[in-house]
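Q: Starting off with a structure, shown below.
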Amino acid sequence: MKARVHVMLKNGVLDPQGEAVRHALGSLGFDGVEGVRQGKVIELDLTETDADKANAAVTAMCEKLLANTVIESYSVEIS
Amino acid sequence: MHAAVIVFPGSNCDRDMAVAFERAGAKVSMVWHKDTQMPSDVDIIGVPGGFSFGDYLRCGAIAANSPICKSVISHANKGGYVLGICNGFQVLTETGLLPGVLLRNSGLKYVCKAIELKVENTETAFTSGYGHNSAITIPIAHHDGNYFADDATLDQLEGENRVAFRYVDNPNGSARDIAGILSENRRVLGMMPHPERMAEPLHGNSEGKAMFDSLVGQLANA
């Protein structure tokens, strides 16, 4: 199975990189962008064939390593 | 007094830290990240600066899950001393030994310069060589030194007098100008500035030296 993990900074945590992208878009003439948040996508190839077990395993990976839950939230898609 | 300095792939302040401990009179062992045990008589573990594992994923995240870090955590949980500088501070927050996290600098730039710090807590083995509220000048060199924690955690750190150092002129956006924090038992210190890089006259000044002298003096007598 494949898993796709989205990791985003939580609301309320300043995202200086997102802000820099927002400024750059404005200076390129793209108006109307009120906010930019930058995150990451992590794709995993798994040997697990059961979707529920895969989901549980990847959630554990997020808690342990893939996300820092002090500042980041994550979501897991299994396919 | 026996200090262990951990070496990760990408550490680059490990030898500076070892020299600072040695010049203060400590015996120093370098410990590789794949080792699983510390030398048995270690008094303090140094987690050095650098770019462990290329800062992949998040600064310090991979190092915090390396085999040796289990020993660092158990050493700290037994009341042992740990000093994390720069990337070492990032590693300690990732292990959970210290609260909060170091975000990208608010100015988005790598900042490398000598800065002024105020020593806020001098009642620790790390800082007893400094005068209360004294200002010292030592360098910073980081891209991700913007200390962040939620307000409740920041209030708690301040309420428990666990802010060891504050920036006089905040270089990176750190919450409440925090440059270094202590664990609850004051035996784990994480700081972004580099005392080991201002530890002898040839460095420009020796204002970082008092930390290593203080540690060696206090832990040798312990």
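Throughout, read-outs are computed from the coordinates displayed, never taken from laboratory work. Keep in mind that what you see is a predicted model, and the values were worked out from it rather than measured. Here Cβ is always computed from backbone atoms with ideal geometry, including for glycine, and neighbour counts include all displayed protein chains.
Q: When the Cα atoms of the protein assembly as shown are enclosed in a convex hull and the volume is divided per residue, what value in Å³ results?
A: 147 Å³
Q: For region B:161-222, give the magnitude of the charge dipole about the Cα centre (Cβ charges: +1 Lys/Arg, -1 Asp/Glu; no others), in debye to the nearest 20.
A: My answer is approximately 220 debye.
Q: If you don't mind, another one. Using a 7 Å offset from the Cα along the Cα-to-Cβ direction at both B:Asn185 and A:Val33, what is the distance between the two label points in nm, to one decimal?
A: Using points 7 Å along Cα→Cβ, the separation is 4.9 nm.
Q: Given a Förster distance of 35 angstrom, what is the FRET efficiency for A:Lys53 paired with B:Gln37, based on the Cβ-Cβ distance and rounded to 0.05?
A: Efficiency for this residue pair is about 0.55.
Q: Treat every Asp and Glu Cβ in chain B as -1 and every Lys and Arg Cβ as +1, leave all other atoms uncharged, and give the resulting dipole magnitude about the Cα centre to the nearest 20 debye. Mind dumping the intermediate values first?
A: Details: 18 positive and 24 negative charges, 80 e Å.
Dipole about the Cα centre, nearest 20: 380 debye.
Q: While we're looking at this one, here's another question. What is the sum of charges, Lys and Arg at +1 and Asp and Glu at -1, for the other residues whose Cβ falls under 11 Å from the Cβ of B:Asn87?
A: Values: positive: none; negative: B:Asp14, B:Asp55, B:Glu94, B:Asp144.
So the surrounding residues net to -4.
Q: Going by average Cβ density within 10 Å per residue, which order do the peptides B:42-53, A:25-36, B:127-138 take, highest to lowest?
A: Result, highest mean first: B:42-53, B:127-138, A:25-36.
Q: Hey, if you put +1 on the Cβ of every Lys and Arg and -1 on every Asp and Glu Cβ in the protein assembly as shown, which of A:Ser73, B:Ala199, A:His6 ends up farthest toward the positive end of that dipole?
A: Selected residue: B:Ala199.
Q: Continuing with this model, one more query. With a point put 7 Å past each Cα toward its Cβ, work out how far B:Met30 is from A:Asp45 in nm, to one decimal.
A: Those two pseudo-labels are separated by 3.7 nm.
Q: Here is a follow-up. State log₁₀ I(q)/I(0) for region B:2-221 at q = 0.10, 0.16, 0.17 Å⁻¹ as given by the Debye formula over alpha-carbon point scatterers of equal weight, solvent excluded.
A: -0.36, -1.03, -1.19
Q: Turning to a different aspect of this structure: Give the distance, in whole Å, between the Cα centre of region A:6-79 and the Cα centre of region B:102-163.
A: One Cα centre to the other: 28 Å.
Q: Here's something else I'd like to know. What is the dipole size for the protein assembly as shown, taken about its Cα centre, with +1 at each Lys and Arg Cβ and -1 at each Asp and Glu Cβ, in debye to the nearest 20?
A: Computed charge dipole of the protein assembly as shown: roughly 440 debye.
Q: Can you give the calculated 222 nm mean residue ellipticity of chain B, where each DSSP H run of n ≥ 4 adds -39,500 (n - 2.57) and the sum is split over every residue, rounded to the nearest 500 deg cm²/dmol?
A: The helix-only estimate for chain B comes to -7000 deg cm²/dmol at 222 nm.
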